[in-house]
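Working notes for the structure below.
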Amino acid sequence: MTMQLDEKLEGIYQDVLKRNQGEVEFHQAVREVLESLGPVMVKHPEYMERKIIERICEPERQIIFRVPWQDDKGRVHINRGFRVEFNSALGPYKGGLRFHPSVYLGIIKFLGFEQIFKNSLTGMPIGGGKGGSDFDPKGKSDDEVMRFCQSFMTELYRHLGEHTDVPAGDIGVGGREIGYMFGQYKRITNRYEAGVLTGKGLNWGGSLVRPEATGYGATFFINEALRVRKDTFEGKTCLVSGSGNVAIYTIEKIHQLGGKCVACSDSNGVIFHESGLDLNLIKQLKEVERRRIQDYTQYHKDAKYVANGNIWEIPCQVAMPSATQNEINGKDAKLLVKNGCIAVGEGANMPTTPEGVKVFLDAKIAYGPGKAANAGGVATSALEMQQNASRDSWTFEFTEKKLEGIMVGIHNNCYATSEEYGAPGNYVLGANICGFIKVADAMVAHGLI
Ligand code: NDP
């Protein structure tokens, strides 16, 4: 169930399908942006003449490489590494690395494509890129993860640089992995180049608030969307899918703002705790001990674990999908709306299918799409780069205030653009158009490259 594209855009989309066969997530991400761009092409015929959309849909560079490594028993494994340097119109390529067995070129390209517009929305000087591997860190020892990261960086380092390409974390890549990759980069290049990776540890060039940034940022975005509707998080029952980096700090900020999160999940099942999630326990289980979320019930007998459960069946007023792509389908979206959900903030990238997005837009709930709502992570990465460049480190309060200001700014720009294009409150349209125009104008200014 997709919207009609205007004729010229349909031609471009068909070409994307033909040139990128089998990359279904990439097709989905491109189509979602093109569906918003019809009215922009009418206002800006120069974008069509200069083939800006065709150029934006073609990555500037795609790197695919072999990553050989040895496990603790000395057995050899081969994974595949990716880095897609999508668009550098606004700055060096910036975007995370994902380590998950489902990773293939189509996932990295969808993420890299989204990243172009997200980074543009932050107002910071960063282009769009993404990378990763089909390596599965789950169940691996620390030493195995280290050997993999070292092998991965032994190829990737030649493509990086603080003015060229600056990766960060994503699914399966947190502080531990960034540390091993930074160490290997430093060793190979003989340069302490802090600005080459973000998400670093605090005592070696990292920024306060970077671990919290994506979850806090998504919550700030929805807080602002609620404020526009003369509402707040106070007393709201909330669902947060996942239990990784984004989910944990989304729960934390929602609790600080007076909401109550009653459920979270991992890829095996769902925890439902009606009296409110115990965040300290989740942090201990997931961040420190790297255990499964199921173990939560060992400490709270009144909590329920549902193996392979569907978190979206639990009634809530605010839903924050923070796990992975396409985790909310049309049926889930209908159920959420029917059960009284008035706001959805996407901490994850593209967590809602096109059918689900249509349900949210038709119901006119406050729906913050990932490229706007989860931009706080990359924005704070850009703040980390600023601190690295000036060899400075800012306080938590100062950095968090900056993050909040950026998220309110993104919200307001998306809202103003949605009004300008006749669909007030449609943040999908607002984010796509606002993110696109800035990149398109820079590409026009740079000539045909
Ligand atoms: P983590 O690896 O820290 O956590 C991911 C969580 O989602 C885990 O609980 C994981 O469960 C669950 N999950 C992952 N894949 C699946 C799947 N296929 N099915 C069900 N559950 C799954 O990653 P992050 O928290 O960093 O990332 C979560 C989302 O947020 C991703 O979409 C990412 O792209 C997006 N994002 C992250 C940013 C960041 O700064 N980290 C910035 C912007 C967006 P399990 O442990 O069982 O795999």
Next item on the list: Kindly provide the set of residues from segment 175-195 that are surrounded by 17 or more Cβ atoms within 10 Å (Cβ to Cβ) and either farther than 25 Å from residue 391 by Cβ or touching a helix residue (DSSP H, G or I) at 6+ places or on another chain (Cβ under 6 Å) (or both), ordered by number.
Entry: 177, 180, 181, 184, 185, 194, 195
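Only one of these is acidic (Asp, Glu) and more than 16 Å from the ligand (Cβ to nearest atom): 193, 212, 177. Name it.
Answer to the selection: 193.
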Margin query: I'm trying to understand the selection: among the residues of segment 2-49, which are assigned to a loop (DSSP other than H, G, I, E, B) and surrounded by fewer than 20 Cβ atoms within 10 Å (Cβ to Cβ)?
Written below: 2, 3, 4, 5, 6, 20, 21, 22, 44
Next item on the list: Of the conditions (1) outside any helix (DSSP H, G or I); (2) under 30 Å from residue 332 (Cβ atoms); (3) in contact with an Asp or Glu (Cβ under 7 Å, 6 or more places away or on another chain), residue 249 clears all except one; give me its number.
Entry: (1)
Notebook entry, point to check: Do we find a residue being within 18 Å of residue 238 (Cβ to Cβ) and not basic (Lys, Arg) anywhere in segment 283-291?
Noted result: no
Margin query: Tell me whether segment 288-295 contains one or more residues that are surrounded by 15 or more Cβ atoms within 10 Å (Cβ to Cβ), among the basic types (Lys, Arg) and within 16 Å of the ligand (Cβ to nearest atom).
Written below: yes
Notebook entry, point to check: What is the one condition in (1) farther than 24 Å from residue 100 by Cβ; (2) assigned to a helix (DSSP H, G or I) that residue 218 does not satisfy?
Noted result: (1)
Checklist line | Filtered residues of segment 127-186 (kept if more than 25 Å from residue 88 (Cα to Cα), touching a residue at least 40 places away in the same chain (Cβ under 8 Å), acidic (Asp, Glu) and part of a loop (DSSP other than H, G, I, E, B)) | finding: 134
Checklist line | Selected residue [surrounded by fewer than 16 Cβ atoms within 10 Å (Cβ to Cβ), more than 11 Å from the ligand (Cβ to nearest atom) and in a helix (DSSP H, G or I)] from 331, 358 | finding: 331
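Look through 423, 431 and report the one residue that is in a loop (DSSP other than H, G, I, E, B) and crowded, with 16+ Cβ neighbours inside 10 Å. Before you say what the answer is, go through the steps one by one.
On the way: 431 fails: in a loop (DSSP other than H, G, I, E, B).
Only one candidate qualifies: 423.
From 52, 64, 12, 56, grab the single residue that is farther than 30 Å from residue 136 by Cβ and touching a strand residue (DSSP E or B) at 6+ places or on another chain (Cβ under 8 Å).
Residue meeting the stated conditions: 56.
Only the coordinates and a few stated rules stand behind these numbers; no lab work does. What you see is a predicted model, and the numbers here were worked out from it, not measured in a lab. Please note: Cβ atoms are built from the backbone with ideal geometry, for glycine as well, and neighbour counts cover all protein chains shown.
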